[in-house]
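A.B. asks: Would you mind keeping the following structure in view while I ask a few things?
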Amino acid sequence: MTAKGKPPIERELKFAQVDLEALRQRLLEVEAERIGPAVFEENWIVDRGGELARRSAVLRVRAEEGRGAVMTFKGPAAFEGAVKVRSELELRVENAQTALELLGALGYRVEKRYQKMREEWRLGSETICLDHTPLGDFVEFEGAKAEAVARRCGFDPEQAVRKSYLMLWAEHVASNPDVPRDMVFADAK
C-alpha cells in the first residue's frame, strides 16, 4: 500500500512480434541499463471458484529461476489511452510451491499456467521487459512514463496490445486446438 492506503498502480504498454536483438541495440543507444540476464519464469494463475475472475482480478504466483518467487494480485484493468492501468500488490516469497500449497489450503486452485523468459532493463524510473514466450517475442514498458519510453525506443503506443498473455493464448488455442491448454514451451512437462 502507498502512504495514502491505496495499492500501487501498474502502468503498462505491451507490443508483440518484437525483434528483441534490434531492441537490445536500441536500448543501448538510449543508455538504458540491463538489470541482469534473462530469467526463466513459471507462472500460475489461481482462483477460488471463479471469485477473482468475476471481479476481473488476478492472483498469480511466479517462480523466477535463481531468485525465489513473487505473489502478485492485480485488480481490474482500465485503459488511459493505450496504457493499461491497474492496481498491483506484490509480495516476494521464498518458494513458489509453498505459496501454492498455502493458497490451496485456503481453497485456491491453479487455473492457468504460463512460461516465459524475461530480460529486464531500466531507463530512468521505467522498466522495459523483453519477453520470449511460446507465442513469440514481446516487450512491455512499465511505469509512469511508459508511453514516452516506448516512443523513444521506436514503438507507437497506439499499436500496443491490450490483451494479457493468457487472453492471447486463449485465442491461439481456439485457432490451434492441438496446442497445450497452458502457455508453455514445447519441451515443458
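The values are calculated or read from the model by the stated rules, or taken from the named source; none is laboratory data. Given the structure is predicted, the values throughout are model-derived calculations rather than measurements. Because the Cβ atoms are built from the backbone with ideal geometry, glycine has one as well, and the counts that use them run over all protein chains shown.
A.B. asks: Collect the residues in the stretch 138-183 that are touching a residue at least 60 places away in the same chain (Cβ under 8 Å), hydrophobic (A, V, I, L, M, F, W, C) and assigned to a loop (DSSP other than H, G, I, E, B), keeping them in residue-number order.
C.D. replies: Ala144, Cys153, Phe155, Ala160
A.B. asks: Follow-up question, since we're still on this one. Of the residues Pro7, Pro76, which single one is over 18 Å from Cys129 (Cα atoms), under 16 Å from the mean Cα position of the chain (by Cα) and not in a strand (DSSP E or B)?
C.D. replies: Values: Pro7 fails: under 16 Å from the mean Cα position of the chain (by Cα).
One residue alone meets the criteria, Pro76.
A.B. asks: Please name all residue pairs, on different chains or six or more residues apart, with Cβ atoms under 8 Å, provided the first residue is in the stretch 97-110 and is in contact (Cβ under 8 Å) with a residue 40 or more places away in the chain and the second residue is surrounded by fewer than 13 Cβ atoms within 10 Å (Cβ to Cβ).
C.D. replies: Correct list of pairs: Gly107/Gly49.
A.B. asks: Quick one: how many residues across the stretch 101-127 are on the phi < 0 side of the Ramachandran plot and either in a loop (DSSP other than H, G, I, E, B) or modelled with pLDDT under 95 (or both)?
C.D. replies: Residues in the stretch 101-127 being on the phi < 0 side of the Ramachandran plot and either in a loop (DSSP other than H, G, I, E, B) or modelled with pLDDT under 95 (or both): 3 in total.
A.B. asks: Also, I was wondering about something else. Can you tell me which of Leu89, Leu130 is outside any loop (DSSP other than H, G, I, E, B), within 19 Å of Trp44 (Cβ to Cβ) and of a type in the set (A, V, I, L, M)? Quick ask: steps written out before the conclusion?
C.D. replies: Details: Leu130 fails: within 19 Å of Trp44 (Cβ to Cβ).
Only one candidate passes the filter, namely Leu89.
A.B. asks: Need pairs with beta-carbon distance below 7 Å; first residue among the polar types (S, T, N, Q) and within the stretch 51-65, second surrounded by fewer than 16 Cβ atoms within 10 Å (Cβ to Cβ); sequence gap 6+ or separate chains.
C.D. replies: Listed by first residue and then by second, the contacts come to Ser56/Pro76.
A.B. asks: Keeping to the stretch 79-111, report how many residues are within 18 Å of Glu64 (Cβ to Cβ) and within 14 Å of the chain's Cα centre (by Cα).
C.D. replies: 3
A.B. asks: Residues in the stretch 56-69: is at least one assigned to a loop (DSSP other than H, G, I, E, B) and touching a Ser or Thr at 6+ places or on another chain (Cβ under 7 Å)? Reasoning before the result, please.
C.D. replies: Initial filter on the stretch 56-69 (assigned to a loop (DSSP other than H, G, I, E, B)): 56-57, 65-67.
Still in the running and touching a Ser or Thr at 6+ places or on another chain (Cβ under 7 Å): none.
No; the residues of the stretch 56-69 include none that is assigned to a loop (DSSP other than H, G, I, E, B) and touching a Ser or Thr at 6+ places or on another chain (Cβ under 7 Å).
A.B. asks: I've got another one for you. Looking only at residues in the stretch 19-50 that are more than 12 Å from Glu111 (Cα to Cα) and among the acidic types (Asp, Glu), which one is surrounded by the most Cβ atoms within 10 Å (Cβ to Cβ)?
C.D. replies: Our first condition is that a residue be more than 12 Å from Glu111 (Cα to Cα); within the stretch 19-50, this holds for 19-42.
Retained after the next criterion (residues that are among the acidic types (Asp, Glu)): 19, 21, 29, 31, 33, 41-42.
Values: Asp19: 11, Glu21: 10, Glu29: 10, Glu31: 8, Glu33: 12, Glu41: 19, Glu42: 17.
Looking at residues that are more than 12 Å from Glu111 (Cα to Cα) and among the acidic types (Asp, Glu), I get Glu41.
A.B. asks: Has the stretch 38-57 got at least one residue that is within 22 Å of Trp121 (Cβ to Cβ) and aliphatic (A, V, I, L, M)?
C.D. replies: Yes - at least one qualifying residue is present in the stretch 38-57.
A.B. asks: Can you go through Ala105, Ala96 and tell me which one is exposed (fewer than 11 other Cβ atoms within 10 Å of the Cβ) and either hydrophobic (A, V, I, L, M, F, W, C) or in contact with a Cys (Cβ under 6 Å, 6 or more places away or on another chain) (or both)?
C.D. replies: Working: Ala96 fails: exposed (fewer than 11 other Cβ atoms within 10 Å of the Cβ).
Step by step, each of Ala105, Ala96 is checked, and only Ala105 is exposed (fewer than 11 other Cβ atoms within 10 Å of the Cβ) and either hydrophobic (A, V, I, L, M, F, W, C) or in contact with a Cys (Cβ under 6 Å, 6 or more places away or on another chain) (or both).
A.B. asks: Continuing with the same structure: Among the residues of the stretch 85-119, write down those that are among the acidic types (Asp, Glu) and in contact with a Ser or Thr (Cβ under 9 Å, 6 or more places away or on another chain).
C.D. replies: Initially, the stretch 85-119 is screened for residues among the acidic types (Asp, Glu), giving 88, 90, 94, 101, 111, 119.
Matches in the stretch 85-119: Glu88, Glu90.
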